[in-house]
1. Summing Lys, Arg as +1 and Asp, Glu as -1, what charge do residues with Cβ under 12 Å from the Cβ of Leu80 carry, Leu80 excluded?
2. GNM on the chain, C-alpha springs below 10 Å: top fluctuator among Gln81, Gln44, Gln13?
3. Relative contact order, percent, of the chain when contacts are C-alpha pairs under 8 Å separated by at least 6 residues?
4. Just to be sure I understand: of the beta bridges DSSP finds with both ends in the chain, what percent are antiparallel, rounded to 5?
5. Looking at segment 31-115, which chymotrypsin sites (Phe, Trp or Tyr not before Pro) are DSSP coil and have at most 11 other C-beta atoms within 10 Å of their C-beta?
6. List the trypsin sites (Lys or Arg not before Pro) within segment 45-81 that fall in a DSSP loop (any state other than H, G, I, E or B) and whose Cβ has at most 14 other Cβ atoms within 10 Å.
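Here, each number is a calculation from the coordinates, and none is a lab measurement. Since the structure is predicted, the reported quantities are computational estimates derived from the model, not experimental observations. Because the Cβ atoms are built from the backbone with ideal geometry, glycine has one as well, and the counts that use them run over all protein chains shown.
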Amino acid sequence: QVQLVESGGGSVQAGGSLRLSCVASGIIFAMSRMGWYRQPPGKQREVVATITTAGSTNYADAVKGRFAISRDNAKNTVYLQMNDLKPEDTAVYSCNAYNFIDNYWGQGTQVTVSS
């Protein structure tokens, strides 16, 4: 059974930082592309950042230069370091794993940024 468990969300003031973590089990983590997505209130889910099995990263324009995705294959964990947070970053952040067969999702963690 595949499980993705996120942690690290919370409430911060604008300009603050948070680090999200997602621990995966039930998949071959090193062979999975990992990603972070978010769903702001009343809006559709959108991609935030992805990291390939080789470590190549991609970011949404809205977070470039502020967020950093990384992975630790030894710990089956993907991270999202979020700096200089803005109120528009408020959303439920979800971890995604894609092993070229199926997509898997975590339950999500709330990030709230106040002005």
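1. Net charge in that neighbourhood comes out at +2.
2. Largest GNM mean-square fluctuation: Gln44.
3. Dividing the mean separation by the residue count of the chain yields 36 percent.
4. Antiparallel bridges make up about 90 percent of those DSSP assigns within the chain.
5. Phe100
6. Lys64
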